[in-house]
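What follows is a set of notes on a single structure, which appears directly below.
The values are calculated or read from the model by the stated rules, or taken from the named source; none is laboratory data. The model shown is predicted, which means the values in this text are computed figures rather than measured ones. FYI the Cβ positions are ideal-geometry reconstructions off the backbone, even for glycines, and counts take in every protein chain you see.
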Amino acid sequence: MPVIATNTVETRDSLFSEHQQLLVNIEINNSCAYTPVCGNTCYLNVVAPAGGVALPKADVLAAAREVILHGEHVRHLVLPGKEVFETAELLLQIVEEFHGAPEHTRPGDISIITASAQGLHRCATRLAETPLGAVNISLDTAEMGLRNERNNVPLLNAAIALKEIGGTERIGVNTVLTQRNLAAAVEIGKRLRGTGIDQWTLGPLLLPVNGRMESVLSAKQIREAVQQIAEEFAGADLNIVFDLDLPLMRKLVGSEEVFVVGAQRWRYEYELPGAANILLEAGNPEPGYFFRMNWAGDLISKEDYRRIGTPATYARYSPGRIARLTQELRQSRLEAVCTA
């Protein structure tokens, strides 16, 4: 997973309430069979403190419960990991507790990121009983060298089969871009047409630069990629999202209205002219919109989310702390709205 671990699927006809503007990630493990292949570019590897020890499963479950029971302002609860199905029972228990919580307290939805076709098959029956809001799968090109490309078809088929039996409401596909793989990424998009995929997300590879995770693509290169994707897919039955950070998006989008309207929302959005199915988006970096607990128990708000290591502003998990922090983040956003 060489991208920021926010992966969300939100369709244009979303019924989420405007008060639900906080995105929460809980990383549930630090284990993945793919690590020997993509370990050097895995976001969780790079940003985690060296020598960090994963939280006990009981603490991860307790942290997730706090979000579920105090999630009335949370739009999406996303469960990433190096590979979520490496701790399948923990994952399933969190999802089941989400469904057991009162609807008025829990987040808008719960979703996962996975590259495991086997995990999707193995857990399909239980997920059909307590469905996910979305399953995000990683389909990458051979040029990336991250995973065996032969996994793409079984993984896509497993996600589609899960949706068919009611185990997830939506499917998102994530593809990483570099300077060398745009043509191959276009071929992935062609295979996704007509499959019922709800969202294809394209994002640049992130690598450490001066203590932060930064895009390997410049704004000029991303603009060229957007143009090529639009030439191929404008108007297609495939919703496409370019996942960017705010500085990159500002270089690509000249309309200041986008940034005024998006300033009090969980993300900034720009619909590509002449291609209503293609969206450029950037998460809101202000406090109050994004909260993440990494696998070692660091509690991170979005203003620091690209930092490598453990900044002094990071907190550590302890019982009740996530509930307090999500409420504080929400309050800080309300105060910002009132003073704007």
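Looking only at residues of segment 5-43 that are aliphatic (A, V, I, L, M) and crowded, with 22+ Cβ neighbours inside 10 Å, we find that the one that is modelled with the lowest pLDDT is VAL9. Scanning segment 285-301 for residues that are touching a residue at least 60 places away in the same chain (Cβ under 8 Å) and either over 30 Å from ALA58 (Cβ atoms) or assigned to a helix (DSSP H, G or I) (or both) turns up nothing.
Within the option set GLY194, GLY262, being in contact with a strand residue (DSSP E or B) (Cβ under 9 Å, 6 or more places away or on another chain) and of a type in the set (Gly, Ala, Ser) holds for one residue only, GLY262. Scanning segment 191-200 for residues that are out of contact with any Phe, Trp or Tyr (no Cβ under 8 Å at 6 or more places or on another chain) and within 11 Å of ILE171 (Cβ to Cβ) yields a total of 6.
Figure legend. Inter-residue proximity from segment 228-256: first residues among the basic types (Lys, Arg), second residues in a helix (DSSP H, G or I), beta-carbon distance below 9 Å, spacing 6+ or different chains. Indicated pairs: ARG250/ALA219; ARG250/PHE259; LYS251/ALA219; LYS251/LYS220; LYS251/ILE222; LYS251/ARG223. Among the residues of segment 64-82, those that are under 24 Å from TRP266 (Cα atoms) and either charged (D, E, K, R) or in a helix (DSSP H, G or I) (or both) comprise ALA64, ARG65, GLU66, VAL67, ILE68, LEU69, GLU72, ARG75. In segment 319-336, the residues that are within 15 Å of LYS302 (Cα to Cα) form Cβ pairs under 7 Å with partners that are hydroxyl-bearing (Ser, Thr, Tyr), at six or more places apart or across chains, as follows: LEU329/SER301; ARG333/TYR289.
Name the single residue that is modelled with the lowest pLDDT among those in segment 115-153 being of a type in the set (Ser, Thr, Tyr) and under 17 Å from ILE188 (Cα atoms). If we take residues in segment 115-153 being of a type in the set (Ser, Thr, Tyr) and under 17 Å from ILE188 (Cα atoms), then THR141 is modelled with the lowest pLDDT. Among what's in segment 44-82 and is within 25 Å of SER215 (Cβ to Cβ), hydrophobic (A, V, I, L, M, F, W, C) and at pLDDT below 90, pick the residue that is surrounded by the most Cβ atoms within 10 Å (Cβ to Cβ). Of everything passing the filter in segment 44-82, VAL47 is surrounded by the most Cβ atoms within 10 Å (Cβ to Cβ). Could you tell me whether PHE85 is farther than 19 Å from PHE290 by Cβ, in contact with a Gly (Cβ under 6 Å, 6 or more places away or on another chain) and at pLDDT 95 or above? So PHE85 fits the description; yes.
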